[in-house]
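The values are calculated or read from the model by the stated rules, or taken from the named source; none is laboratory data. All of these numbers come straight from a predicted model, not from anything done at the bench. Because the Cβ atoms are built from the backbone with ideal geometry, glycine has one as well, and the counts that use them run over all protein chains shown. Each accessible area value is taken on the protein alone, full model and side chains, heavy atoms only, with ligands, DNA and RNA left out. Shrake-Rupley method; radii C 1.70, N 1.55, O 1.52, S 1.80 Å.
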Amino acid sequence: MEKSRESSLWAMSRAAARTAKRVARRAVTVTTPFDELHPVRARSGADMHRTLTWLDLVGLGVGGMVGAGVFVTTGRASRLLAGPAVLLSYAIAGLSALLSAFSYTEFAVDLPVAGGAFSYLRVTFGEFAAFLCGANLVMEYVLSNAAVARSFTAYLGSAVGVLAAQKWRATISFLPNGFNQIDFIAAVVILSITILICFSTKESSVMNMVLTATHILFICFIIVMGFWKGDWRNFVEAEDPEKHRSGFFPYGVSGVFNGAAMVYLSYIGYDAVSTMAEEVRNPRRDIPIGVSGSVLLVTVFYCFMSASMSMLIPYDAIDADAPFSAAFRGKSDGWRWVSNVIGAGASFGILTSLVVAMLGQARYVCVIGRSGVIPGWFAVVHPKTSTPVNASVFLGLLTAAISLFTDLQILLNLVSIGTLFVFYMVANAVIYKRYVSITTTSPWPTLSFLLSFSLTSILFTLLWRYVPSGHPKAFILFANFVVAIAMVQTFVLLVPQAQKPQSWGVPAMPWVPFASIFLNLFLLGSLDGPSYVRFGVFSGVVVVFYVVYSAVNGGSSMGEEECFVQLDGGTKEKCLSNCIVDGGGDETSLKV
């Protein structure tokens, strides 16, 4: 009996030791672009058809971004954080998004697969970093889509003259506040779009183009009406100056950056465009135009629309849930019809953003499923529709359930932090990709500079946020900024590029991705403490899942169950350890 117990304990300790070694090995295992483009992609069964052009990508990018952000976050960002200076918040967030978009574009051109940031990080920093970021980004998509769907109910109510919160949402008294307003319309919209995207990507794109073109007409109408019927004094005067501060910066410069962190949700759509790379006809030409072009267009729209809203109504009188349509409710009876028109336009825009975002989130989960870190069931591409049906249905049901119960403000507080973190990681990854070649260069000089620059940026952010205003603060911030610039210049002089992209690359390398790192960390520093708690809790759950399931049940980087080596004499032997693919030729060469 005693010997049996000792034997059992010994077996458990050996199993734990093997698990620890396996986790440590898999966590830093990287794949090659050849892996992602061929054997990994083959795990989905059928291929996704390459049917999209640059015009489709621009339409998907504009539709995905404009519908969600400006109609959901502008009211709260203006009223609670930035005031009339919210237009500067959009400009700052747009600049940060454009810099991040350059990094995404270089990866998407070289690696035209559906995995987006997950695939980019997997070929640079390894499987664990990719899974942590990919899981957070999928969470961002699900929560932001739920938030946008609930906002659709509010704008649809404005279009027909109904106060949706009272008429179309059912209150359940025994549920806690924030989860007791049941929104059936939001859930139905999510489920309807789920059915659409399961059938065809091209048809989804065509529908998006029609809705986006219609939506742009509404946007131009909103801008014209705002500048025509608005009052310039609303930029500097509050409606109730006794309770709220007046001025263009009622919450100070820090409020502008806090607002930028919130409205960054508005730019999540361009990331969805990069996940469509596997379905693009000419990735080298179409992806740079589609990703960067859509971000530039949307930034211009956002700045003009937020300025229009600020002219229409003082910031402290803005309706946080439906700011644009509500701005005309207080006008004379002859102009109340504008509120209904804006509500209808916003409803179109929100539908386009949901189509794009739900296309993107399904492709993320599909590629994560291919990697083996979650069940391979999610990776299946249906042979008739050429779409990831399983991932689409699962995420659609999850998003619908969340949108049914959860309040808009709770959802918005959960979103921005994960998005900024992933964009920060992709900016680091594109520098690592350019300056490190696994076979010829050491990664440590590049990693050391990346870590040092991140720490310098974090220090700048902490000083900005917590040091009292005055000349000493200005001097310290300036000195810190100079150190960061000198650090980048030193990196340029001391570390040569190991490889350059064959077709399209980030301009002004490495200055642009370093600037992206700085801005993303700075915006992360503008978020509140509870956001970090929620981010930490979710990331902890991801780590536990990876250790308990992914590293134990998932395949290796090549899929152990599918990996064989060629032996002398022409026989094959199953590969029992990680395999490295040498994709230099047409044939796959596997080395143990």
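With a simple spin-label model that places each label point 7 Å from the Cα along the Cα-to-Cβ direction, the separation between F248 and W228 comes to 2.6 nm. When peptides 504-516, 268-280 are sorted by average Cβ neighbour count within 10 Å, with the highest value leading, the order is 268-280, 504-516. Rounded to the nearest 0.05, what FRET efficiency do V482 and S503 have when you use their Cβ-Cβ distance and R0 = 25 Å? Efficiency, rounded to the nearest 0.05: 0.10. In the range 345-503, the ratio of gyration radius to Kirkwood radius, Rg to Rh, stands at 1.09 when only Cα atoms are counted. Normalising the Debye intensity of the range 450-537 to I(0), with uniform scatterers on Cα atoms only, and taking log10 at q = 0.16, 0.17 Å⁻¹ returns -0.76, -0.83.
Out of the total accessible area of the range 464-507 (probe 1.4 Å, heavy atoms of protein only), what percent is carbon and sulfur? If you can, show how the numbers build up before the last one.
Values: 2130 of 3100 Å².
Here carbon and sulfur together make up 69 percent of the probe-accessible area.
Looking at the range 218-275, the trypsin sites (Lys or Arg not before Pro) that sit in a DSSP loop and have at most 16 other Cβ atoms within 10 Å of their own Cβ are K243, R245. Projecting label points 7 angstrom from Cα along Cα→Cβ for R534 and V160 puts them 3.0 nm apart.
Rg/Rh for the range 242-293 to two decimals, with Rh computed the Kirkwood way over all alpha-carbon pairs.
Ratio value, two decimals: 1.32.
Stokes-Einstein D for the range 369-409 at 20 °C, 1.002 mPa s, Kirkwood Rh over Cα pairs, in µm²/s? Working shown, then result.
Values: Rh = 11.6 Å.
Answer from the Stokes-Einstein relation: 184 µm²/s.
Where in the range 98-113 is the amide nitrogen less than 18 Å from a point lying 7 Å along the Cα-to-Cβ axis of W511? Flagged as within label range: 98-103. For the range 345-390, the alpha carbon convex hull comes to 68 Å³ per residue, rounded to a whole number.
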